[in-house]
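Peer 1: Before we start, here is the structure in question, set down as structure tokens.
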Amino acid sequence: MIKKLKALLDRRAKGGPSAEDNQEALRLATAALLMDAACMDGHIDDQEQVTITALLIDQFDLDQIEAQELAEAGRQAASESAGLYKFTRTIKDNFDHEDRVRMIEMLWRVAYADGILHDYEASLVRRVCGLIYVSDPESGLARKRVLEQLDLHPTKAP
């Protein structure tokens, strides 16, 4: 799957992508941003991995194996990337506004998966918001929904 996704990125760089290519690029961009959020505190713990897999299953109607492979491809793409722009551009160009807000909610869910919000995680979410045109109030509401769903009180890392 990783080779397939790399080939997709090569095809996108050479010319006009097909609708299927756009969907694959959107999946990879989503997975890369989620994995980037999980890595912000220095490591990916089991709960973050489980959360990312569940989010990918839900967002893209994947089975467990496909979601795990996509998460791994996203991890690799994020580690090889020089920045967020290519992923956020794909999200911005292919998700409508409601889906972009959902993307921010997914990032908050990953950031809080271990029960603690680290400054780097919060910073990543803020940067992604700006790049995909989600306002601070919309991000705040998405964060509040996640905290309520997880029954957490806002806690930052020491």
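Where a number appears in this text, it was derived from the coordinates with a stated rule and is not lab data. Here the structure is a predicted model, which is why all the values come from computation and not from measurement. Note: ideal-geometry Cβ built from the backbone for every residue, glycine included; neighbour counts use all protein chains shown.
Peer 1: Could you work out the percent of alpha carbon pairs in the stretch 21-108 separated by over 14 Å, rounded to a whole number?
Peer 2: When all Cα pairs of the stretch 21-108 are counted, 60 percent exceed 14 Å.
Peer 1: Less than 11 Å Cβ to Cβ from residue 88, Lys/Arg counted +1 and Asp/Glu -1: what total charge do the surrounding residues give?
Peer 2: The answer is +3.
Peer 1: With the calculation restricted to Cα positions, what are the radius of gyration and Dmax of the stretch 44-94 in angstrom?
Peer 2: Answer for the stretch 44-94, Rg first and Dmax second: 11.7, 31 Å.
Peer 1: Just want the ordering: 30, 51, from fewest to most Cβ atoms lying within 10 Å of their own Cβ.
Peer 2: With the fewest neighbours first, 30, 51 line up as 51, 30.
Peer 1: Take every Cα-Cα pair in the stretch 99-149 and report what % of them are more than 16 Å apart.
Peer 2: 28
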